[in-house]
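Just so it is clear, none of the values below were taken in a lab; they were calculated from the coordinates. If you're wondering where the values come from, they're calculated on a predicted model, not measured in any experiment. Counting neighbours? That spans all protein chains shown, and the Cβs are built from the backbone with ideal geometry, glycine included.
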Amino acid sequence: MIMVLIGAILWGVSGTAAQVLFQNNGFQPAWLVTVRMGLSGLILVLFSMIGAGTQKTFVIWKRPKDVLYLVVFAVIGLIGVQYSFFVTIALSNAATATILQYLGPVAITLYLALRLRRMPNRWESLAVVLAFVGTCLLITDGRWNAISISPGAVSWGLISALALAFYTMFPQKLIKQYGSAIIVGWAMLIGSVLLSFVTHPWRLQGTWSYWALELVTFVVLFGTLVAFYLYLESLRYITPSETSLLGCAEPLSSAFVAMMFLHVRLGLIAWIGAFCILATVVILSRKSAGR
């Protein structure tokens, strides 16, 4: 429980660190995503080679079908979720981006209902309603004649939620066969290489200082590598549903840090909307645990 809480808090704080880099130092989301994925992926692959062995780490490259799935996961899952998340931060703030991304579990619920050709049960229906109401409250902050968040931020935030749903569901078979660190490590490297054709990571962007270097280092090491490792390790001791519940610390930590250091303010109505969205995660997690 301590590991997943620390991991969730690190994810939340890294979003606020990215907001500073975007809005104060002129960094671009694509560049930061490329560097973040490349360095974290390289470290994960190296750790896998040390822990699991070189042969197990590279065996996936001998199976063309699995390589294809890996590339799809890298492009739609990892690039999709990280780029859309960072663009949402750049267009709004870290708290709003993280909360909108938490609509992902609702997208998973609706997809499974369509695929299984069944209507959502009462708990799933309640979660969907809460998610819809919460999103409306968050983006309007009670001012129904005007949207308090830019349409671009809302659109990219919803894309981030859909990408998160894909990221969660698509690689399950690969992860069971090869392990999380190997799959995510290679997918991060693939995503970083592909993004390098669009934004060149060796061309430094923005205004650099010791503070900016510290923020980039934090986003790469603590906000990606350490947070991901702690999340994986927590699954050895607690269930995925419990991890999802404790993961609610991520948007809350992001919101509190943004308020304390960046003077981001969410109105009362927006806060009610945020907690409605978090409540959907609690409902869906408890349902999946059969409680």
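For the chain, lysine pairs with C-alpha atoms less than 20 angstrom apart, excluding pairs fewer than eight positions apart on the same chain, total 7.
Compared with the alpha-carbon gap, the fully stretched path from Trp271 to Trp211 is longer by 18.6 nm at 0.36 nm per residue.
Couplings for region 32-39, taken from phi via the Karplus curve 6.51 cos²θ - 1.76 cosθ + 1.60 with θ = phi - 60°, read 5, 5, 4, 5, 4, 5, x, 5 Hz in order; Gly and Pro are left as x.
Phe47 to Arg203: extension gain in nm, 0.36 nm per residue of separation minus the Cα-Cα distance? It would help to have the intermediate numbers written out before the result.
Working: separation 156, 0.36 × 156 = 56.16 nm, distance 2.74 nm.
Result for the pair: 53.4 nm of gain on full extension.
Arrange Arg36, Arg117 by Cβ neighbour counts within 10 Å, fewest through most, would you? Walk me through the intermediate numbers first.
Values: Arg36 25, Arg117 6.
The most exposed by this proxy come first: Arg117, Arg36.
Here the spin labels are modelled as points 7 Å beyond Cα on the Cα-Cβ line, and at Leu126 and Val75 they lie 4.1 nm apart.
In this structure, Arg118 and Phe170 have a Cβ-Cβ separation that, at R0 = 30 Å, corresponds to a calculated FRET efficiency of about 0.90.
Using the number of other C-beta atoms within 10 angstrom as an exposure proxy, rank Tyr69, Tyr102 with the fewest first.
In order of increasing Cβ crowding within 10 Å: Tyr69, Tyr102.
Within the chain, the proportion of Cα pairs with more than 25 Å between them is 47 percent.
So what is the calculated 222 nm ellipticity per residue for the chain, using -39500 (n - 2.57) for each DSSP H run with n of 4 or more, over all residues, to the nearest 500 deg cm²/dmol? Provide the component values of the computation, followed by the final result.
Values: 16 runs with 211 residues, N = 291.
The helix-only estimate for the chain comes to -23000 deg cm²/dmol at 222 nm.
Listing His263, His200 from fewest to most neighbouring C-beta atoms within 10 Å gives His263, His200.
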